[in-house]
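Data first, discussion second: the structure below is written as structure tokens.
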Amino acid sequence: MKKDEPPLDFPDTLEGFEYAFNEKGQLRHIKTGEPFVFNYREDLHRWNQKRYEALGEIITKYVYELLEKDCNLKKISIPVDATESEPKSFIFMSEDALTNPQKLMVLIHGSGVVRAGQWARRLIINEDLDSGTQIPFIKRAMDEGYGVIVLNPNENYIEVEKPKIHVQSSSDSSDEPAEKRERKDKVSKETKKRRDFYEKYRNPQREKEMMQLYIRENGSPEEHAIYVWDHFIAQSAAENVFFVAHSYGGLAFVELMIQREADVKSKVTAVALTDSVHNVWHQEAGKTIREWMRENCCNWVSSSEPLDTSVESMLPDCPRVSAGTDRHELTSWKSFPSIFKFFSEASEAKGGSPRPAPTRRSHRLKHEEL
């Protein structure tokens with residue numbers, strides 16, 4: 001027997017959910033001190049999932065607040081020339097992002113529900129803010145004198161309710177005999193009744209039908225990366241630009257290289273990829289791009305080997321080393337110290353001989369880590 005589903009009406013604050021982040025950045029119940037419980041109501045997976053998603057929306061806003069208040073980043077609206085009425089997105093930048101003459105760090109997360117400032121929503125909710133957000137990267141970068149730009153590649157559209165379309169009833173047509181019209185109307189009503197009954201059973205609380213309005217020149221992660229490059233990164237004063245790109249963010253970076261090869265080569269000093277899903281063959285990256293990536297990029301991949309152990313690659317692009325974890329979503333956090341070391345060495349080596357990628361040859365893997 002199917003249970004009646006409680007209303008999909010959830011709080012819009014952490015306090016409403018009775019959760020808060022403690023001093024270690026862990027999400028805990030304010031009364032019991034327990035971590036977040038997904039199966040809050042047994043046998044109601046859809047309801048539990050909707051509750052989790054509602055909490056996720058609050059987490060997204062919470063991280064945005066931390067970026068502004070804790071990291072002192074500015075929220076910049078895009079497109080830069082947007083009209084009052086058109087859909088808009090935004091990125092975050094440090095005060096000196098465009099004026100810092102030395103170093104600029106650009107952060108790009110992966111695909112899915114994550115938004116600016118996050119690596120993985122699951123980690124924020126179940127582990128802590130350090131592992132799940134980009135905040136440790138931002139704070140350390142600023143301490144070390146970098147300007148910072150945080151991309152928001154999944155904010156590609158806004159959702160609005162679909163306008164109701166009036167469908168002309170068959171009875172409005174006067175060309176048909178009255179008896180035929182009545183028969184058609186009866187069949188139509190029966191079909192609608194059955195469909196509504198099924199819909200109510202399948203989806204007890206039918207949600208509003210929404211439509212997506214895409215953001216101009218930012219309708220995909222790849223478009224967004226190119227847009228932010230053209231309007232911000234390319235205009236920056238920094239002599240050395242560094243990218244940290246996780247998962248699909250790595251694919252977006254490779255696409256940026258394909259579209260802006262000469263510009264990227266002239267400004268970017270090093271790129272840290274974390275379990276990047278780019279593919280130089282599928283993306284048709286040319287030989288000169290592959291050669292540049294071999295010298296200037298490193299991909300910290302999920303692997304059970306110790307951090308920085310060299311991992312064999314079947315693709316002719318950048319070196320791959322272990323992130324020291326076999327969990328995809330943890331690769332950015334686990335490789336955090338190695339990435340800053342990689343950038344520091346890249347700065348020193350600029351203009352000199354190419355630097356080796358961080359490796360531990362003694363632990364070299366024999367096969368590609370899948």
Carbon/sulfur accessible area of the range 1-119, % of total, 1.4 Å probe, equals 48 percent
Going from most exposed to least, what order do TYR64, TYR146, TYR40 have by accessible area with a 1.4 Å probe?
TYR40, TYR64, TYR146
Tell me, what HN-Hα J-couplings in whole Hz come from the Karplus equation 6.51 cos²θ - 1.76 cosθ + 1.60 at θ = phi - 60° for each residue of the range 216-226, using x for Gly and Pro?
3, 6, 9, x, 8, x, 5, 4, 4, 4, 5
Residues with amide H under 5 Å from that of MET105, placed H, sequence gap 5 or more
GLY147, VAL148, ILE149, PHE242
Under 5 Å between amide hydrogens, which residues at least 5 positions from VAL321 or on another chain qualify, with H placed 1.01 Å from N in the peptide plane?
ASN299, TRP300, VAL301, VAL311
Here, the range 1-91 modelled as identical Cα point scatterers in vacuum has Debye log10 I(q)/I(0) at q = 0.15, 0.17, 0.22, 0.23 Å⁻¹ of -0.76, -0.87, -1.12, -1.17
Sequence of VAL37, VAL228 when ordered by accessible area, the most exposed leading, probe 1.4 angstrom:
VAL37, VAL228
Among chymotrypsin sites (Phe, Trp or Tyr not before Pro) in the range 208-287, those in a DSSP loop whose Cβ has at most 12 other Cβ atoms within 10 Å are TRP281
So what are the ³J(HN,Hα) numbers for the range 125-140, from phi and the Karplus equation (6.51, -1.76, 1.60; θ = phi - 60°), rounded to whole Hz, Gly and Pro as x?
6, 9, 10, 6, 5, 4, 6, x, 10, 8, 4, x, 5, 5, 5, 5
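Largest first, what is the accessible-area ranking of THR325, THR13, THR32 with a 1.4 Å probe?
Ranked list, largest accessible area first: THR32, THR13, THR325.
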What ³J(HN,Hα) values, in whole Hz, does the Karplus curve 6.51 cos²θ - 1.76 cosθ + 1.60 give for the range 334-341 when θ = phi - 60°, with x put for Gly and Pro?
5, 8, 3, x, 5, 5, 5, 5
Accessible surface of SER344 - all protein chains present, 1.4 Å probe, nearest 10 Å²:
50 Å²
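Lys and Arg at +1, Asp and Glu at -1: add these up for the other residues within a Cβ distance under 11 Å of GLN283 and post the number. Numbers along the way, then the final one.
Working: positive: ARG290; negative: GLU222, GLU255, GLU284, ASP317.
My count for the surroundings of GLN283 gives -3.
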Computed accessible area, VAL113, all protein chains, 1.4 angstrom probe, square angstrom
80 Å²
Distance from the range 257-272 to the range 72-137 (C-alpha centre basis), Å
20 Å
Check which residues have an amide H placed less than 5 Å from GLN118's amide H, if you skip close sequence neighbours.
GLN134
VAL80 accessible area, 1.4 Å probe, all protein chains in place, Å² to nearest 10:
80 Å²
Modelled FRET efficiency - R0 56 Å, GLU261 with ASN126, Cβ distances, 0.05 increments:
0.90
Virtual spin-label span in nm between ALA234 and ARG46, 7 Å along Cα→Cβ:
4.7 nm
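On the protein heavy atoms, probe 1.4 angstrom, tell me the percent of accessible surface of the range 265-357 carried by carbon and sulfur.
On the way: 1980 of 3890 Å².
Looking at the range 265-357 in its full context, I get 51 percent from C and S.
The values are calculated or read from the model by the stated rules, or taken from the named source; none is laboratory data. Quantities reported herein were computed from a predicted structural model and do not represent experimental measurements. Because the Cβ atoms are built from the backbone with ideal geometry, glycine has one as well, and the counts that use them run over all protein chains shown. Protein only, heavy atoms only, side chains kept; ligands, DNA and RNA dropped before computing areas. Shrake-Rupley method; radii C 1.70, N 1.55, O 1.52, S 1.80 Å.
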